[in-house]
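Here the structure is laid out as structure tokens; the discussion comes afterwards.
Where a number appears in this text, it was derived from the coordinates with a stated rule and is not lab data. A quick note: this is a predicted structure, and the numbers were derived from the prediction, not measured. Counting neighbours? That spans all protein chains shown, and the Cβs are built from the backbone with ideal geometry, glycine included.
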């Protein structure tokens, strides 16, 4: 699949944004994080900013963005529509929670809004995951690894962001650092497991079933067009094995290994502001790493239409 | 409405005979020609005279080399929308632009609702949908919905453009939901198959596989030729034949 | 709902409309009954040479779409990939706009626009001078012309013998091979009996001529389960659906066929009765070595060939239906030894050199396969005979209660034709057909009227005497029957610029257009003044040896004048040839013009009856262009050519349409056969009918008449058919047509080479004439294969035209070029493995003539000794309205660059045209190559590259986007 930057950025940014929102909603709502004006403003600004930037980016991917409102109508059948509905719906409790938290401090309805925002965030990330997980033509996505992956990476990037936020405000805590570290390790493990699964994938759909020509080998002789068309540009993206291996290495370094190392250092109680710097660095590096991971998520996904082209 | 109809009155579709298709591209351009002025007009062509030429087409013909233990064969393979019974391209659509008609089972796009998110093209395993970057919407085969019922065409012409054009008669059109229809019987007699049945999309269109090598030329069970047994060999035989 | 009788080729129940075509009440707002056309014009397609009937739907003043005419005898409603893309051809950005006069160096593409009046004056002045002084200094060659009866006649009126169309580099081997043997031909002059054949063999046929009829026919065979056997090095297209694909080594088809004949003869599986009735198998041939009539037929006092009557033990007229002729033996008649033709056939083909085991390796076909095919042919021909319950009478007056048929049919085309041994290979196939008794019988290969004609048909070529201001005494092209008919002078020097009908190419029935540029450049046999060409891409894909050809077109003499002094060219599009013209006459598209598809030319008849057709303007030209035929007629009038002016010197015809209706070639016979006579009731022959074109238009643009059931088979000897054929003017006299298995005209050339007769070849030519003018078909190694070091050039290289393209035209078509804008070289997997090549590699393809670079694609479905590519995809930068980055001129390649236009130097130091020695047919497919992986830095782009052409003046750049059809929708929705 073509790794369009708009979609790569969209899923990465909203994943991190919703992860952060969910954590702020729960932890802030339940009072584990103090209701501080600047912390709230920056924290919620960051979360909602990432979400909004992601959503805008995804709208940029549309052929007719002015009709985007129509996407809220088909929630009964379409995960994309559900994502649209959920993402917009989440803005309501998230907005209320943010306002409440920033301006009014923690009160009952703020807690409720926070928890609702957290639920909204989780639901939205689930719908995003399901958009991909539901696509049968792409075996690498249509697996039990996809939805948990989206959730894990969301809460992972969210927790690392939260940690950097708290550390920046010098109110970091070891449980948060530890959680972020553990989630990063979990994400790493999950990604490795996903890759392992995908690399060993035996796909029932072959050039034989695609053409109805049973037995033996089916080799593409000539395409219907000698130049690249929409199908090949959108779904025929190919990445060399060597190139993919290199990018997997970069993903592991940036998204998991370096952040884990930084968080470990933070855990070993380095002095402030070093912990803050390391924490922020961990978040930035991880974000970059997840962008690479998401790019690979697309680039390594093989659509069945490529079977028709012998790719 | 992107929920699928629980039942369609008809299952209109195509039957494509891979034993007969010579890959001449007649169906391809007949489709392009009709449809570029038809229901989803235009089928835009980007950079049509340059190096990055890329146009919207509803029907494309591939060719393959199919090699089995029995030997090799070149197969020409037309590919277009299969008007599936349970098409995910419809259900994934967030806006209701993609839909399956309850009356005849044709899968269509209501262009005015399409936001161009391209997800339907991801959901289609067959590559049946092509995006028109100029208009910003997805386009696809309409099974010539603007021909098959068209009062302004002579009744005999109310078939999809690809079927009307096909010089080898490798394309057939009809109601695959009616077991008595000519297309259903053709599928039954020739062992028509679904493409990617494992996807579970239940394509309406069927493909008739090439004649198996073992069945080939069953009509010619010729004994080996033996040299004529006549005095004087062949020439003697000629003389004898002429004398008779 | 009740349907009427289905019409058209696609009328199986599964291809018909729904039983109820009323739109269901879906409620989705889809307009299921949009208005599709304001008017429908029925005319004839010209996207290739097939000439199908088309319905052009006009909406809002533009072409909405084009579909096949269901009533038309050629395509019966279907249409090919090209036909449906006619819109994009019509609106091509490569279209010329106005007459052009060269303003820069030849070949640069620098022109200035001129008015038609100036164009006519320039041409008239130039051509008048030529006509006044030496008419042969005009060489007039047309390309994929469909008006050769006009253009040839014009040349004849002008007085130049130097006329031909493109047949010499296309299919003359098929035409001549057939016409000299059976009085008909494959090509588009005959067709298999698709409805009855049970075994169909297809030799070397890509989608050449008759494409829709062949496809319709193949569909019928598949529907009926008949067996299809293809003999072709490439397993694409038609060959892909064959039940048996025989991946023969190029150029060995004749050998394969002789092996089949060998097997059939040995087994006594030949139709002796058929041979006696319809062929010259029983005719006695003089066997007196050294005699002046050695190898000629023994004739009686009335000059009739004679046979030996087994019962009477005496000679009899071979045509005597009551005779009991011998087919074998040796007889002494009046002291002269004679043998029947059939004895010679048996002697030759039963020889071990034609046994399957002897040819298997050469052909690349296992001997067992050859034996199996022979057995199958025999089985179907003799054990699965069919009879149609129709009584008929043969020309001897014998009544037959049924029409018997042997359901084996064959078709052959360019794969046979484009080799230097193609004429003999074509004759070999006809011999096989005749031995099996399968020509014009139910289930066999059938003639399309006006064929069959006598083998060979008349008239003879004209041009022996060329005089100023004097028309030729006939048309330039024809059929020679012996050396006396050649167009050579006393010294044996050719009289024609293309050396047709000379010792180089005695049976050159279509001329040799592919030699004209070289010969004109070299002044061999003489210099010319003006080269006038129409619609043939001679500076690119229609020439061999492109690089040198381009150099010859632009070469100067010592005085600085072009060696070919003046070039007039007419085309509708900015092809690679236009920039080499001094004067460009812009043609219209096929939708803007009148044309006639005439029985005098290349008719569109069906085996069941004759037909012809017209084109008529469907849309008005939006530019200052004129149909070439009308321009030629006006030029003829301005030049005062006798038949183009009235007695008072005024123009006889106002334009081509006027000519089509009012011209009479002989009294009562004109370009169109339908609706003749003042009231339009005559057919074939009849007075001029002023309403004729309207009658054609009213009938859908064509005329077609079905024969009666008893006239449809055995046309060569069918009394009722032959009478009708005479009446319609197809043949001069209702006499049977005798298949010439042994060709006496060819033997006459041999005798000349042996020193007999008035016209004899120069000493140096004698060996060649002796060898190749063999009266019985034989096989020889194609010239290039015989000449080159096969270790060095181990591979054959072929081209095919993709089914969706016609020669060079397709690449300017926005739709068709999307399907193929880069051609690959197809290489067998095993061959590639030996050469260390992998898929997508870039390679140099090298011949003795040069090298060209392209990208490979590995395949299994090709003869392992053969590589091939799609023809005419590679384009020169600046042509055809393509942008500079178009794949065609960056990655596509033209194999023509490395095909030599001449043979290697022979023992006499002479180089001949790279052609068949009998007919002069261009031997495109003799090419031998090697392929070498190119260096890494050389990959990704083709070479050689040529300088970009300048664009003609006032031509808008090609659009960046085409939204054809959007306007129909806008207008439709505006109404709603």
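The table below lists the values:
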{"read-out": "Cα centroid separation - region C:332-373 against region C:923-937, whole Å", "value": "36 Å"}
{"read-out": "Helical contribution to [θ] at 222 nm, DSSP H n ≥ 4, -39,500 (n - 2.57), averaged over chain A, rounded to 500", "value": "-21500 deg cm²/dmol"}
{"read-out": "Three-way shape call for chain C based on the alpha-carbon gyration tensor, with the a/c threshold at 1.5", "value": "rounded"}
{"read-out": "Ranked list, fewest to most other Cβ atoms within 10 Å of each Cβ, for C:46, C:562", "value": "C:562, C:46"}
{"read-out": "Three-way shape label, region C:216-276, alpha-carbon gyration tensor, a/c 1.5", "value": "oblate"}
{"read-out": "Rounded FRET efficiency, nearest 0.05, which uses the C-beta distance separating residue C:678 from residue B:152 and R0 of 45 Å", "value": "0.70"}
{"read-out": "Using alpha-carbon coordinates, inclination of helix B:233-243 to the longest axis of chain B, degrees", "value": "90 degrees"}
{"read-out": "Calculated [θ] (222 nm, deg cm²/dmol) that DSSP helices of n ≥ 4 give over chain B, each run adding -39,500 (n - 2.57)", "value": "-4500 deg cm²/dmol"}
{"read-out": "Distance from region A:1-75 to region A:245-311 (C-alpha centre basis), Å", "value": "19 Å"}
{"read-out": "Least to most buried among C:925, C:163, C:730 (fewest other Cβ within 10 Å first)", "value": "C:730, C:925, C:163"}
{"read-out": "Angle in degrees between helix A:79-99 and the longest Cα principal axis of chain A, rounded to the nearest 10", "value": "10 degrees"}
{"read-out": "Region B:12-215: projected area of the alpha-carbon convex hull, averaged over directions, in nm²", "value": "12.7 nm²"}
{"read-out": "Principal axis dimensions, largest first and in whole angstrom, of region C:151-244 by Cα", "value": "54, 27, 23"}
{"read-out": "Convex hull projection area averaged over all views, chain A, Cα basis, nm²", "value": "17.4 nm²"}
{"read-out": "Burial order of peptide ranges C:166-172, C:376-382, C:346-352, B:36-42 (average beta-carbon count within 10 Å, highest first)", "value": "C:166-172, B:36-42, C:376-382, C:346-352"}
{"read-out": "Peptide ranges C:796-808, C:250-262 listed from the most packed, as the mean C-beta count within 10 angstrom indicates", "value": "C:250-262, C:796-808"}
{"read-out": "Share antiparallel - DSSP beta bridges, the protein assembly as shown, percent rounded to 5", "value": "70 percent"}
{"read-out": "Beta bridges per DSSP with both ends in chain C, % antiparallel, nearest 5", "value": "65 percent"}
{"read-out": "Region C:507-561 versus region C:782-837: alpha-carbon centroid distance in Å", "value": "25 Å"}
{"read-out": "Neighbour-count order for C:879, C:39, fewest beta carbons within 10 angstrom listed first", "value": "C:39, C:879"}
{"read-out": "Cα gyration tensor, region C:789-938 - rounded (a/c under 1.5), prolate or oblate", "value": "oblate"}
{"read-out": "Rounded to 10°, Cα long-axis angle of helix B:26-35 versus longest principal axis of chain B", "value": "20 degrees"}
{"read-out": "Per-residue [θ]222 nm for chain C (sum of -39500 (n - 2.57) over DSSP H runs n ≥ 4, rounded to 500)", "value": "-6500 deg cm²/dmol"}
{"read-out": "Protection-proxy order for peptides C:357-369, C:502-514, B:130-142, B:4-16, each taking the mean of Cβ atoms within 10 Å per residue, highest first", "value": "C:502-514, B:130-142, B:4-16, C:357-369"}
